[in-house]
Structures are given as structure tokens and as C-alpha cells.
């Protein structure tokens, strides 16, 4: 296999968090936590400001999706958005077909938001800017998928889909996507560095002291003359 293809495969595995068993396990755990948190956050509503047909508010589920995508990567982001939306819409009154269409849109949203690999260095300002840009892009690309689902799957009229589905999605999510994801990711990184990481390191050091690596001894009688 050419060296360029091998390098590309390794880069994709690294980006998706599938380089080793440890990184794969972390990606799966992040996705599972993301699905559960995203599902719960869909029930949360923060009061906003309404001006005519426009409503500006904070959408917790958007923040949750971007945060787990940032730390888990594009695969964890896709699974969080797709499975979390599928679970919520299927259980809370949507049809399975419509839930699948909406889930695909939020899966794409999470996949694109997680592409910059912010987990490597969340304190880097450039990474946070990339996260803001990709989050906005993923959020925008989700809109036509939701509109397609409303028109084709939900059989809505164009005016109804634009006024009661697309417009609320765009106006409620704009402030959330532009302002909050980089701030929340940075706060999570600060909490990890200040409070959680020292305890994690002490726990690893304690386990290593309790289970020291075994030393292999060389038996001269087994060696060949």
C-alpha cells in the first residue's frame, strides 16, 4: 500500500478516535454520554426574547451536541446527534420516519462540529475559532435536511414548513451557536485541568504503585551456547 494512503488512513483513524483500543473506548464512552445528555437536554427550555415571528433564546441541546463533538471527535458528534435525536423523536411523539430524517440532520451537525479535533488542545484560541466556524456550518447544513423532512416526509406546505419549522430553528439557534459552544468547551477544559486531572493522575500513580510491572529474568540455562 502506498505510504500516502497509509498516512491518510492513520490520520482518519486519529480524527475519528479509532487509533487504538483506548481511544476507541474513549470515543464510544463519549458518544454514549453524549446521547444520554443530548436526550435529556432536549427537554430543557430557557426563556428567550420574542419579537413577532422571531424568537431568540439559548438552546441547551445545541450546546451539548457541540461540546461532545468537540471532545469526542466527528464520529462521537455524529452518534450523539443522530442517536440522541432518533431516541427523543421516537419516544416523544414523532414518527420513526420523521425521526430518522431529523436524526440524520443533527448527525451531520455533530459530525461537522467535531471535525477540528479540539480535544487535542482546547485552550488554543485557533481551535476554538475553528469550532465556532464548523459548529455554525453544521448548524446551517442541518436546516435544509430538516426542511426536506418537513416537506417530503411530513407533507407540510412550504409556507408552514418555513414559518413553523425552519424560521424557529434558525432564530432560536443563531445566538447559541455563535456565542456559547467555545465558551463552554473552554470552561470544561479549565474544570478538567483544575479539579479532575490532578485526581486522575494520582489515581493512576496509586494503581501503578499497587501493581508494579513484572520484571522478566534471564535464565542462562535456556540460552543457546
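The values are calculated or read from the model by the stated rules, or taken from the named source; none is laboratory data. In this text the structure is predicted, and so the values were computed from the model without any measurement. Note: ideal-geometry Cβ built from the backbone for every residue, glycine included; neighbour counts use all protein chains shown.
Would region 155-175 turn up any residue that is touching a helix residue (DSSP H, G or I) at 6+ places or on another chain (Cβ under 6 Å), closer than 30 Å to residue 124 by Cβ and either surrounded by 14 or more Cβ atoms within 10 Å (Cβ to Cβ) or modelled with pLDDT of 80 or more (or both)? Looking for residues that are touching a helix residue (DSSP H, G or I) at 6+ places or on another chain (Cβ under 6 Å), closer than 30 Å to residue 124 by Cβ and either surrounded by 14 or more Cβ atoms within 10 Å (Cβ to Cβ) or modelled with pLDDT of 80 or more (or both), one finds at least one in region 155-175, hence yes. Selection of region 1-31 for residues being touching a helix residue (DSSP H, G or I) at 6+ places or on another chain (Cβ under 6 Å) and without any contact (Cβ under 8 Å) to a residue 24 or more places away in the chain yields only 19.
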